[in-house]
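Worksheet: the structure to be examined is printed underneath.
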Amino acid sequence: MSETKKQGDVLYQIVPALYRNRDTGDLQKYFTASGLLLDQIHATLRQRMADNFPGNPVDGSPACQDWLIPYFADLLDVRLVSPLADGRRSEVANAVRWRQGKGTLRVTEEIAEAVGQLEVVLQEGWKRVAISPRLDTPAVPATSYGYDKKVPEAPPSMAARHPALPAVTVDLRCPSGAVATTSSNPAAQQSSVDGDTHTWRQTSFHGAPCHPGSYDDRTLRSVDFRDPDWRVGHTHPDRILLYTAPPAGFFPPHAKKVSWADPPSAAFLELIEVIEGDNRTTYRNRSWGSENFVPVNLNRVIKLGQVSTGVGDADFHTWRFEGLNLLNTLEVDAGRVELVDCAARKVEVHSIDEERPVISAKNCLIKQLQAARGLSLLEYCTVLDSTLSEVLQASDCIFLGKIRKDHHPITPPDHGCVRYSRIHKDQLSGGMKMAHNSTSRPHLFEEKFAKRSCGVLHPATMEAIRHGAEDGAEMGAYHSAYLSLLAEAVVDKLSDYLPLGVTAVVIPDQRMVDIPG
């Protein structure tokens, strides 16, 4: 039932039964039309109310329009740095409270999680520096560190295990790391990764670290005077260390799964909307475009427009996929394919057309792409393996493999254009126009398709790729998500809220994906 008819039914039930009994159908039709108008008026009033408040709503109500955020920021003298609209709203909504708590660990953690949408585990650099113990300072009770009982004072080997002592030499008798605990433990920490909340604590502060350099490594070291980045310069009194899990990208663990079916099954239609019309079929993830977007993984090989000759008319039909992960091959003999916000293992189109695209993709992660006799149009895409296309037009993309026009290893396309993209260092231009491209090797958290963080750029990637797109953002499939800019935005924002000389460092840590608890 449409929303218009729902509103009309509500109005129709409000009027006295006398009028409903006399109605021959005209009154109900009138209320249906009025329901649409009143619904539009109601939505306008709700948006007008939301535009008075810059924060992110938590009850599903509309948020203020993005173009209003800079005006709120100017009113409160807020320097906006987050590339995300939700992050900018949080910067404005929390401006006064963050200023009141400037320099505190709580505000530091809130800024990192609000501005960068990152879940972080925070460490203070001065607590990681090797120092000499002060004999006149009483030790904090071991129970305050989450231990069940007091540490015995004898023998000395046991007394040295007190967590408040600045012991530098690790105790090889016990491992140090994170363990699951309850929220009632005084040393408990809660971290939310991939939508799951973990309750954990640090154990054996003086033990040998299970995972050196990870979020649960609390061993003391000499001061590291190098300029801080994701790898070095962490052990220093003027550092705030923010460990964060790498972004999940297209393949978070909570993604839903369904098998391809033609005609669609009930389970398929529950997750994916099928829209027919004008010689076009659209398969749209029902949560695509919403705040609660959940990717849908499509299993099985998808074959569309199949003809006996293997090559059909490009204008036969157009299939469009939105917000879906195609875990197997998508093969089309006749027709065209459009992909938006999708991940695809292999896209293969046999249609012939060098003037109009037979493959169009935007914000997509693709392992293999093949349009041997057609035009491919790619924008903000990452191709992990081979790219085979008669004509290629690409902008702000990442190509890990060579671009070819056929299966011969050294034949680049005779026509096309590649701009503001990363190409292979041995790529031949052929007849393609090249402009503002980079040959630097990108470093990815994961290159294996369908794995968590597949295609996500690692901070070790050169700036020519992380800021190589035409608008200064990152190249590739996650351009619109600004994954490479989030950590930089957090460091930039914290420079206004940390004590003078203290620097924040964002450290991606794969171990945080497996936090206990």
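Annotations for the structure displayed:
- Cα lying deepest toward the dipole's positive end in region 256-479, options HIS415, PRO459, VAL340, charges on Cβ: PRO459
- Lys, Arg +1 and Asp, Glu -1 on Cβ, resulting dipole of region 132-254 about Cα centre, debye, nearest 20: 300 debye
- Per-selection Rg to Rh, region 191-263 - Cα, Kirkwood hydrodynamic radius: 1.17
- Using only the C-alpha atoms, the convex hull of region 20-82 corresponds to 103 Å³ per residue.
- Inter-centroid distance (Cα atoms) of region 217-289 relative to region 381-434, Å: 27 Å
- Summing Cβ point charges (Lys, Arg +1; Asp, Glu -1) relative to the Cα centre of the chain gives a dipole of roughly 1120 debye.
- Total charge dipole magnitude, region 3-50, about the Cα centre, Cβ charges on Lys, Arg, Asp, Glu only, Debye to nearest 20: 80 debye
- Formal net charge of residues neighbouring GLY416 (Cβ-Cβ distance under 10 Å; K, R +1; D, E -1): -1
- Share of Cα-Cα pairs in region 328-400 lying beyond 14 Å, as whole percent: 50 percent
- Base-10 log of normalised Debye intensity for region 391-450 (one unit scatterer per alpha-carbon) at q = 0.15 Å⁻¹: -0.44
- Cβ-based charge dipole, the chain, positive-most Cα from GLN368, TYR215, PHE449: TYR215
- Rg/Rg_ref, the chain, where Rg_ref = 2.2 N^0.38 Å and atoms are Cα: 1.20
- Contact order for the chain, expressed relative to its length and based on alpha carbon pairs under 8 Å spaced 6+ residues apart, stands at 12 percent.
- Calculated P(r) of region 3-50 - Cα pairs past 14 Å, %: 52 percent
- Per-residue ellipticity at 222 nm, computed for the chain from helices alone with -39500 (n - 2.57) per DSSP H run of at least four residues, works out to -5500 deg cm²/dmol.
- Sparse-neighbourhood loop sites, trypsin sites (Lys or Arg not before Pro) in region 408-517 - DSSP loop, at most 15 other Cβ within 10 angstrom: LYS425, LYS448, LYS451
- Mean projected area in nm² (Cα convex hull; one quarter of hull surface) for region 256-479: 12.2 nm²
- Share antiparallel - DSSP beta bridges, the chain, percent rounded to 5: 20 percent
- Centroid-to-centroid, using Cα positions, region 155-190 and region 317-333 are 52 Å apart.
- When the chymotrypsin sites (Phe, Trp or Tyr not before Pro) in region 110-211 are filtered for DSSP coil states and for at most 13 other beta-carbon atoms within 10 Å of their beta-carbon, no site remains.
- Quarter of Cα convex hull surface for region 45-140, i.e. mean projection, nm²: 9.1 nm²
The numbers here are math on the coordinates, done by the rules we state, and not lab data. Values in this document were obtained by computation on a predicted structure and should not be read as measured data. Here Cβ is always computed from backbone atoms with ideal geometry, including for glycine, and neighbour counts include all displayed protein chains.
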